[in-house]
1. Report, ordered by the first and then the second residue, all pairs with beta carbons closer than 6 Å, sequence separation of six or more or different chains, a first member in segment 132-148 that is on the phi > 0 side of the Ramachandran plot, and a second member that is in a helix (DSSP H, G or I) and surrounded by fewer than 22 Cβ atoms within 10 Å (Cβ to Cβ).
2. Take the residues of segment 35-88 that are within 16 Å of ligand 2 (Cβ to nearest atom) and of a type in the set (Lys, Arg): which is surrounded by the most Cβ atoms within 10 Å (Cβ to Cβ)?
3. Taking the criterion of being within 16 Å of ligand 1 (Cβ to nearest atom) and either closer than 24 Å to Ser239 by Cα or within 15 Å of the chain's Cα centre (by Cα) (or both), would at least one residue in segment 36-47 satisfy it?
4. Take segment 95-141 and flag every residue that is among the acidic types (Asp, Glu) and either touching a strand residue (DSSP E or B) at 6+ places or on another chain (Cβ under 6 Å) or surrounded by fewer than 20 Cβ atoms within 10 Å (Cβ to Cβ) (or both).
5. Report yes if Val275 is modelled with pLDDT under 95, out of contact with any His (no Cβ under 6 Å at 6 or more places or on another chain) and surrounded by fewer than 21 Cβ atoms within 10 Å (Cβ to Cβ), otherwise no.
6. So which pairs qualify, if the first residue must be in segment 78-104 and in contact (Cβ under 8 Å) with a residue 24 or more places away in the chain and under 12 Å from Lys32 (Cα atoms), the second must be away from ligand 1 (no atom under 16 Å from the Cβ) and among the polar types (S, T, N, Q), the Cβ gap must be under 6 Å, and the two must be at least 6 apart or on different chains?
7. Do we find that Lys6 is assigned to a helix (DSSP H, G or I), within 17 Å of the chain's Cα centre (by Cα) and either at pLDDT below 95 or surrounded by fewer than 14 Cβ atoms within 10 Å (Cβ to Cβ) (or both) in this structure?
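The values are calculated or read from the model by the stated rules, or taken from the named source; none is laboratory data. Because the structure is predicted, anything quoted here is derived from the model rather than measured. All Cβ positions, glycine included, derive from the backbone under ideal geometry; neighbour counts span all protein chains shown.
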Amino acid sequence: MSNTNKANEAYEKNEKNEITESKKAGGADIIKAENISFTYDGGGSEEKVEALKNISFSVKEGSFTAILGRNGSGKSTLAKLLCMVLTPDGGRLTVDGVDVTSDETTEEDIYEARKNVGMVFQNPDNQIVATIVEEDVAFGPENLGIEPAVIRRRVDEALDIVGMRKYARHSASRLSGGQKQRVAIAGTIAMRRRCIIFDESTAMLDPIGRREVMDSIVRLNRDEGITVIMITHYMDEASLADRVIVMDGGEIVMDGAPSEIFVRAEELWQCGLDVPQTTELLWRMRKAGLDVPLDAFGERECAEAIEKALEKAAKI
Ligand SMILES: Nc1ncnc2c1ncn2[C@@H]1O[C@H](COP(=O)(O)OP(=O)(O)O)[C@@H](O)[C@H]1O
Ligand SMILES: [Mg+2]
């Protein structure tokens, strides 16, 4: 059997029900970073930039992690290490059980590990490679040497997941920003990526495009069991994740469930971040002496918490 066929077989085995099974089982670590660091050496003439310092964390298969942090805090560098565009210059990084930082790991194993992780970037216009939508989605799997019949099925499935099936034969350049991003997501789904990293993929979109893309991201995590790591500046987006990591100065400074992180309003402000508007309102009300919880960041929970506190205050 040729290597291409072997790769195909491995890919086909990697069907979504298997992913969902492992998610139900509590999820093994798809990514494990132990004290990884990365310095841009500036090519000799410029200053060295220590972009990441001793980062340790792991990501469970099937989970949804949001990464927050001010500009320059190291988020994109971390994303590039996780999808193996860059190699850490210290520490150990394991992707799907393969130690990609070990000298003993073969090129072939790294090649296989790399296939697990895909990335969707910020600019929708830089990610389209073909003129017709379905050709664009097929481009990745074609490059992997997958059979045309299998590609056809995957392209249709992937376009369904992002709600773009009816645009399959449309010209990609005429789509809106949100639609282009969804086509880019479909491309990564068609490649059977088990983990997709979004690097501010909604930053250039209008509110409608943002909502469409977020809906697709949530669906591919919840229904397809794909592990999502989403770098964002928007708190409402981060609140959809099961875990929020906050970076500052090349380090992880907070890591927890959204409800645990958003209550730490003052620390978030120190990291140059906002808190959700609901959290800020609750925080101000607490400062004013009203007994409200800080973790009611959902709009409805926030309104209910305020109503309850006002009723209680009226009784005293
Ligand atoms: N190609 C590069 N060469 C030199 N320095 C870089 C390069 N890319 C990023 N940096 C620097 O590394 C630090 C982290 O950048 P980055 O990972 O892009 O942060 P973020 O995505 O959080 O804005 C910043 O100080 C940035 O200026
Ligand atoms: Mg960045």
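1. Cβ pairs passing all conditions: Gly145/Thr4.
2. By that ranking, first place goes to Lys75.
3. Narrowing segment 36-47 to residues within 16 Å of ligand 1 (Cβ to nearest atom): 36-47.
Remaining after also requiring either closer than 24 Å to Ser239 by Cα or within 15 Å of the chain's Cα centre (by Cα) (or both): none.
Scanning segment 36-47, I find no residue that is within 16 Å of ligand 1 (Cβ to nearest atom) and either closer than 24 Å to Ser239 by Cα or within 15 Å of the chain's Cα centre (by Cα) (or both), so the answer is no.
4. Asp96, Asp99, Asp103, Glu104, Glu107, Glu108, Asp109, Glu112, Asp125, Glu135
5. Numbers: modelled with pLDDT under 95: yes; out of contact with any His (no Cβ under 6 Å at 6 or more places or on another chain): yes; surrounded by fewer than 21 Cβ atoms within 10 Å (Cβ to Cβ): no.
No: the conditions fail for Val275.
6. Gly91/Asn35; Arg92/Thr101; Leu93/Thr101; Asp96/Asn116
7. Working: assigned to a helix (DSSP H, G or I): yes; within 17 Å of the chain's Cα centre (by Cα): no; either at pLDDT below 95 or surrounded by fewer than 14 Cβ atoms within 10 Å (Cβ to Cβ) (or both): yes.
The answer is no for Lys6.
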